[in-house]
1. Using each residue's phi in region A:70-78, evaluate 6.51 cos²θ - 1.76 cosθ + 1.60 at θ = phi - 60° and report the 3J(HN,Hα) Karplus result to the nearest Hz, with x for Gly and Pro.
2. Given H placed 1.01 Å from N in the peptide plane, which residues other than close sequence neighbours of A:Ile522 have an amide H under 5 Å from its amide H?
3. Tally up the carbon and sulfur contribution to the accessible surface of region B:86-154 as a whole percent, 1.4 Å probe, everything protein left in place.
4. With charges only on Cβ, +1 for K and R and -1 for D and E, what is the dipole size of region A:608-673 about its Cα centre, in debye, rounded to 20?
5. What whole-number value in Å² describes the accessible area per residue of region B:3-76 for a 1.4 Å probe?
6. Taking both sides together, what accessible area is buried at the A/B interface, probe 1.4 Å, expressed in Å² and rounded to the nearest 100?
7. Classify region A:1-135 from the C-alpha gyration tensor, please: rounded if a/c falls under 1.5, else prolate or oblate depending on whether a/b exceeds b/c.
8. With only Lys, Arg, Asp and Glu charged, each at its Cβ (+1 for the first two, -1 for the last two), find how big the charge dipole of the protein assembly as shown is about the Cα centre; round to the nearest 20 debye.
Amino acid sequence: MATYVARNGIGENQRRVEDVRFLTGHGKYIDDVNIENQAYAMVLRSPEAHADIKSIDVSEAAALDGVLLIVTGDDWKSTGYDPIPTKSAVRTFIDGSDMKVPPHHALAIDRVRYVGQPVALVVAETQDICRDAMELIEVDYESLPSVTHQSEAIKEGAPQIWDIAPGNVCLDFELGDEEVQKKAFADADHVITLNMVNNRVTATPMEPRGAVADFDPETGKFTLWNSSQNIHANRDTIADVVLKIGKENLHHIAPDVGGGFGGKNGVYPEPILILHAAKELKRAVKWINDRSESFLSDTHGRDQVSKVQIALDNDGTFRGLRTESVGNLGAFCGTVGSFTPTGGSSRTQGGPFKFDGIYYTAIAPFTNTCPLDPYRGAGRPEGSYHIDRIIDYAAAQLGMDPIELRRKNLIPPEALPMKSPMGLDIDCGNFPEVFEETIRISDREGYAKRVEASEAKGMKRGFGVCMYLECTGGGPKEEAKVTFLDNGKVELSVGTASTGMGHETVHAQLLAGHLGLAMEDIVFRQSDTDATEIGGGHGGSRGLEVGGSAVTQTSRQIIEVGKKIAAHRFDVDADKVEFEDGRFHVPGTNHTMTIRDAIDSQNDPDNLPDDLEPGCMNISSVFERGIISIPNGGHACEVEVDPETGTIKVDGYWVVDDFGTIVNEMLASGQVMGGIAQGLGQALMEDIYYDESGQLVTGSLMDYALPRADDMPRMVIAYYEDAPTEKNLLGVKGAGEAGCVGAPPAIVNAVCDALKEYGVHHIDMPLTPEKVWKAIRDAKATG
Amino acid sequence: MPAITVRVNGLEVTKEVGARTLLSTFIREQLKLTGTHVGCDTSQCGACVVTLDGKTVKSCAVFAWEADGADIGTIEGLADGDKMHPMQEAFREHHGLQCGFCTPGMVMTAVSLVENNPDIDEDGIRHGLEGNICRCTGYQNIIDAVKTGAKAMRG
Ligand code: FES
Ligand code: FES
């Protein structure tokens, strides 16, 4: 207990508060939310990648018993609702002209542009009736030529998706100094080039998206329960921008959310559609996506093809880096989709390595595919893949050692703080130490024996590393509000959104630690527009960085008020009062007062000095992050490849992360391991694949492979804690995304190491057995 | 509509069910036991696992009428009053869950794996959980939880 309070809750592996609810089947997820007399909605989705809607005949469907409402694009047009806006932070082309933003209406109007796009909403008494009604809706489509791959979309003569976007280009982008990069290339001994693919994947939270909308005709107010990670911002968009009902008239709540990973960040059409339906019907309306629809309609992530070039000298010194990326946006801009291949992928170019010059350019075209939006890391996994793959590839081409190459070029601690060539403010860390520690813990001594054992079985073993550097993101502001309730409980409301990360525990742990309160007394609220005024939700590894800082700031303010109350009681100046272990005391006297005493006193004016009002300890404060933090770390990975079948077994995994201060190691490691699993999935099996005609081939869990328990290795996770950042109140750097930033390059590097004797030095993700087998065969054929 | 009679977590209930009603829908909507989750439509994810006469099944892959006369166990019936089952305790101890959506199916499967093989090892656990997808944890803490849970169940 002593260390717990002394460290203000930091460092305790507090077990999770939410677990009992989840483990006993009492979690309340969106499909567990039911309103009396609710109707059910389903969405008729486009079977066509690109087509004109000639006509929609709903007469038979509407006549079906139990059908309550059908809404088509024409109906939607007549409502006068606005399209869903995009909020990308990058909004202009290199030449200064505006990003092309096509209108993203909740229902397709006149034309469909991807398979799965909502074409009509059906509301009925039951889901079965919705299904039957959808069968009866006749849509007359006139197919148009379509394009799904970004490289094809920007070619001359490609089908044009939006009139406002000639050549299908939504946006282009540059960052860095091209002249400096060019000079570095000209001066260097070698320039090595590799074209690489960052495959399209999707977040696939185990809980599909869903929402329940209700409307009160008396007050004109709406309530929306939504499996969303971003309650406040999406309320503003839905209420103020799209439906124009005024945000004060929309109460937006997320119940327990079964995973998000970015896939539940954006504003989606369906919740908007059912809000409209609830108003029309004056009745609650529930909509739940099924898994196949999720693949068609949850935003996708990554999907970049890139040409990466590194310039280096004979002695291995890195000189310059040049990346040209084309990022597939899908049919619309997404909520922030166009930021990912542009700004999002640019900032961490070059990782934690020294370069004379780096220059990044990108083109973001539209295609006839589901819109792109953030997926865990959104741009940083791509950036990390660029640098850490090109290093290994260059090492292979030049006969150098990839570990030595990294060792030689890491930015030394004495160079920090510094501004990277990409403008990132890298304040602290010790990259060489983190790297060496990664190598140290990865059991190199036993490696030769394991190689031998693999060879004896006819297998190839490989080892790969990655030194990632990433950055936090998401909303810079967060609110933490504390209310001391009459029943002795303490209500803590924070505007962050846990979709499994454990905020209910860690924020409470911080508050309890700072104030010396018992965990059991804290009641946590999140993801509710009535609980906090503002809220940045979840995204960019911001939960502790911004949310935890807000909790800390509010705690400190409560302590300051408590000191005044104590000073008033003891009749001393407030600056004489100190607070420690949940007690206010005046050193050198026997005056002490517990925080509980202070809380109990706060409602009676007699207990308060003149400048305090009753309820003065109930405080809400907003913390604002100035500059984003820089998590960094090393991943090392061992794989065994069967050259006969191309199957890969990831056999060992080691990580050293610098997340600054570790508040709850158990939760941090949970984030890292989950992130590695998603990175492994992207590297080895996950692929959103559209065929030539724009049909989604990998549209179910039978076709879209997710890592299972026996695909995963044992993982060893360690932390470098000697470089807490001063950019926030906790010294934390953000832990949520790092795992899937580091894993793909580490795994692919290990596989390429295993296959080097065949001359296989690169395979594009996902490294399926078929691709690996073919790569070996082709390499053997060309000798 | 025909009626079925089942014992659910030890209590007998009789209800009418539709010919197309899945066991998962019956449990969630008619019995209001929402701890059984539905994460897919192709019987792949395992979020819906319950026991049927002591054997684990994916309740989305069984029609409700097929369960007539059977004993059904769901996550809600695992704890003994306020005292969680040792497997539930172990999941909490090892941080074997994050969002909790896969968890009921995971725990039901884990209990049954251990009941069938009290000395199950890591490989056996990984293999035995093949039909249960977790997108949050990377599985390691689940494996460790099952090991600890198995030990506690052995007593
Ligand atoms: S819901 Fe039953 S296996 Fe996915
Ligand atoms: S804990 Fe979220 S899917 Fe397993």
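1. Result, ordered by residue: 10, 10, 10, x, 5, 4, 5, 4, 6 Hz.
2. Placed amide hydrogens put A:Val490 under 5 Å from A:Ile522.
3. 43
4. 80
5. For region B:3-76, the solvent-accessible area averages 43 Å² per residue.
6. 4200
7. oblate
8. For the protein assembly as shown, the charge dipole is close to 960 debye.
The values are calculated or read from the model by the stated rules, or taken from the named source; none is laboratory data. Quick caveat, the model's predicted, so the values are computed rather than measured. Every residue, glycine among them, receives a Cβ derived from its backbone with ideal geometry; neighbour counts consider all protein chains shown. Protein only, heavy atoms only, side chains kept; ligands, DNA and RNA dropped before computing areas. Shrake-Rupley method; radii C 1.70, N 1.55, O 1.52, S 1.80 Å.
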